[in-house]
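Colleague: What follows is a single structure, and I will ask about it in a moment.
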Ligand SMILES: [Zn+2]
Ligand SMILES: [Zn+2]
């Protein structure tokens, strides 16, 4: 018998996995998310991966420890967020995930404003006719 690496439940020795069935499934789902994010954003930092996939930092670190994810040190990581200065970004992002969300909201808010004013103008024309 050996321990599940995650929940410490005892599992049989004859499995190649280091997790019990429950944890294995949970972890595979996390890993799938990370893998698909990384295929779109190669060399993303652990911070970006965690923020965008919603997978906990500790879980990502765990994958690195197990050798399923590899942390590479290149000059394309540790880029400053253009808005708040966070220093854990890859060159693929100009803003940290938090700022990106805020900016996106602001942009959408602005769009809504233009749509509203356009409608108001059309409405006004109709009346004056
Ligand atoms: Zn488990
Ligand atoms: Zn930021």
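Colleague: Considering only the stretch 7-30, I want to know if a residue exists there that is within 12 Å of the chain's Cα centre (by Cα) and away from ligand 2 (no atom under 16 Å from the Cβ).
Modeller: yes
Colleague: Now for a different question. In the list 30, 114, which residue meets the criterion of being within 16 Å of ligand 1 (Cβ to nearest atom) and either loosely packed, with under 15 Cβ neighbours inside 10 Å or at pLDDT 85 or above (or both)?
Modeller: Going through 30, 114 in turn, the sole match is 30.
Colleague: Being at pLDDT below 90 and touching a strand residue (DSSP E or B) at 6+ places or on another chain (Cβ under 8 Å), is that true of even one residue in the stretch 51-66?
Modeller: no
Colleague: Now for a separate question. Tell me whether the stretch 88-110 contains one or more residues that are surrounded by 15 or more Cβ atoms within 10 Å (Cβ to Cβ), within 16 Å of ligand 1 (Cβ to nearest atom), under 15 Å from the mean Cα position of the chain (by Cα) and modelled with pLDDT of 90 or more.
Modeller: No: the stretch 88-110 contains no residue that is surrounded by 15 or more Cβ atoms within 10 Å (Cβ to Cβ), within 16 Å of ligand 1 (Cβ to nearest atom), under 15 Å from the mean Cα position of the chain (by Cα) and modelled with pLDDT of 90 or more.
Colleague: Still on this model: Do we find that residue 18 is touching a residue at least 40 places away in the same chain (Cβ under 8 Å) and surrounded by fewer than 16 Cβ atoms within 10 Å (Cβ to Cβ) in this structure?
Modeller: It is true that residue 18 is touching a residue at least 40 places away in the same chain (Cβ under 8 Å) and surrounded by fewer than 16 Cβ atoms within 10 Å (Cβ to Cβ).
Colleague: Can you work out which of the residues in the stretch 5-17 that are near ligand 1 (Cβ under 9 Å from one of its atoms) and modelled with pLDDT under 90 is nearest to residue 55 (Cα to Cα)?
Modeller: 6
Colleague: OK, next. Quick one: in the stretch 33-45, which of the residues that are more than 16 Å from ligand 2 (Cβ to nearest atom) and surrounded by 12 or more Cβ atoms within 10 Å (Cβ to Cβ) is farthest from residue 77 (Cα to Cα)?
Modeller: Top of the filtered list is 33.
The values are calculated or read from the model by the stated rules, or taken from the named source; none is laboratory data. The shown structure was predicted, so the numbers you read here are calculated from the model rather than taken from an experiment. A quick note on method: Cβ atoms are made from the backbone with ideal geometry, for glycine too, and the neighbour counts reach across all protein chains shown.
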